[in-house]
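The next block holds one structure in the form of structure tokens; read it before the comments.
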Amino acid sequence: MNREGHVGFTLAVVGSILYLLDLVNTRYFMVLMLSAVFSMLPDIDLKLEIAHRKHTHNIFIALSLSIAIGLPLHLAGLDFIVGFTSCLAGLLSHIAGDLLTYMEFPPLWPLVKKEVSLKLFKSNSKPANKLFLALGIAVLIAYALKMVET
């Protein structure tokens, strides 16, 4: 997926979960928005020119980075849960989104080294990426409307 696809997918997935669990307030809105920002982080491998989806697209990195984001917030007297949850939700949704594409990678590394993919569409598919962005925006609007109502 490209950047807009990942942001949309994250907004759709995380926003839907928060909405359905009735976790609708400014704290969880911050989690939702930060998760969309963090969802772009795994593709740093493209900027660093290292193997794509090899080192940055797995549960070990997702958990490690989430702790690395949450812990300094906690030490600064801020909210560990918001930082940790936002980062973890964003990274895991990125991994889940990339599982939908053709390129295989090991998302459960280091527990399972098998590379997998659902091969539903190419990662650069404009229709798929636009669809996820539109869906994410729709969920974001629904979430915001519910937040205003409460």
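The values are calculated or read from the model by the stated rules, or taken from the named source; none is laboratory data. Not measured: the values here are computed from a predicted model. Methodologically, a virtual Cβ is constructed for each residue, glycine included, from the backbone with ideal geometry; neighbour enumeration extends over all protein chains shown. Just the protein is used for accessible areas: all its heavy atoms, side chains included, with ligands, DNA and RNA removed. Shrake-Rupley method; radii C 1.70, N 1.55, O 1.52, S 1.80 Å.
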Here the qualifying pairs (Cβ atoms under 6 Å; residues six or more apart or on different chains; first in the range 106-135 and among the acidic types (Asp, Glu); second open to solvent by less than 100 Å² (accessible area, probe 1.4 Å)) come out as 115/104; 115/105; 115/106
What pairs come out if I take residues in the range 44-58 that are more than 11 Å from residue 109 (Cα to Cα) and pair them with residues that are among the β-branched types (Val, Ile, Thr) and assigned to a loop (DSSP other than H, G, I, E, B) whose C-beta lies under 7 Å away, six or more apart or interchain? 44/56; 45/56
Residue 26 passes all but one of (1) surrounded by 15 or more Cβ atoms within 10 Å (Cβ to Cβ); (2) more than 11 Å from the chain's Cα centre (by Cα); which number fails? (1)
Answer with yes or no whether residue 12 is small (Gly, Ala, Ser) and either in contact (Cβ under 8 Å) with a residue 24 or more places away in the chain or under 23 Å from residue 124 (Cα atoms) (or both). yes
So residue 35, is it among the small types (Gly, Ala, Ser) and surrounded by 22 or more Cβ atoms within 10 Å (Cβ to Cβ): yes
Boolean, residue 1 is hydrophobic (A, V, I, L, M, F, W, C), over 16 Å from residue 139 (Cα atoms) and touching a helix residue (DSSP H, G or I) at 6+ places or on another chain (Cβ under 8 Å): yes
Out of 82, 7, I need the residue that is open to solvent by less than 80 Å² (accessible area, probe 1.4 Å), more than 17 Å from residue 107 (Cα to Cα), of a type in the set (Val, Ile, Thr) and in contact (Cβ under 8 Å) with a residue 60 or more places away in the chain. Which one? 7
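Residue 55: in a loop (DSSP other than H, G, I, E, B) and either at pLDDT below 95 or open to solvent by 50 Å² or more (accessible area, probe 1.4 Å) (or both), yes or no?
yes
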Return yes or no: is residue 119 closer than 13 Å to residue 42 by Cβ, among the basic types (Lys, Arg) and open to solvent by 30 Å² or more (accessible area, probe 1.4 Å)? no
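Is one or more of the residues making up the range 86-101 β-branched (Val, Ile, Thr), surrounded by 18 or more Cβ atoms within 10 Å (Cβ to Cβ) and touching a Phe, Trp or Tyr at 6+ places or on another chain (Cβ under 8 Å)? Quick ask: steps written out before the conclusion?
Step one: of the range 86-101, the residues β-branched (Val, Ile, Thr) are 95, 101.
The next check asks that each one be surrounded by 18 or more Cβ atoms within 10 Å (Cβ to Cβ); those that pass are 95, 101.
Among the residues that remain, those that are also touching a Phe, Trp or Tyr at 6+ places or on another chain (Cβ under 8 Å) are: 101.
So far as the range 86-101 goes, yes, one or more of its residues are β-branched (Val, Ile, Thr), surrounded by 18 or more Cβ atoms within 10 Å (Cβ to Cβ) and touching a Phe, Trp or Tyr at 6+ places or on another chain (Cβ under 8 Å).
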In the range 101-118, is there at least one residue being of a type in the set (Phe, Trp, Tyr) and within 20 Å of residue 23 (Cα to Cα)? no
Those residues that are open to solvent by less than 30 Å² (accessible area, probe 1.4 Å) and in contact with a Phe, Trp or Tyr (Cβ under 8 Å, 6 or more places away or on another chain), I need them from the range 58-79; list them, please. 58, 66, 70
I'm told residue 141 meets every condition in (1) without any contact (Cβ under 8 Å) to a residue 24 or more places away in the chain; (2) surrounded by 14 or more Cβ atoms within 10 Å (Cβ to Cβ); (3) closer than 14 Å to residue 33 by Cα except one. Can you identify the failing condition by its number? (2)
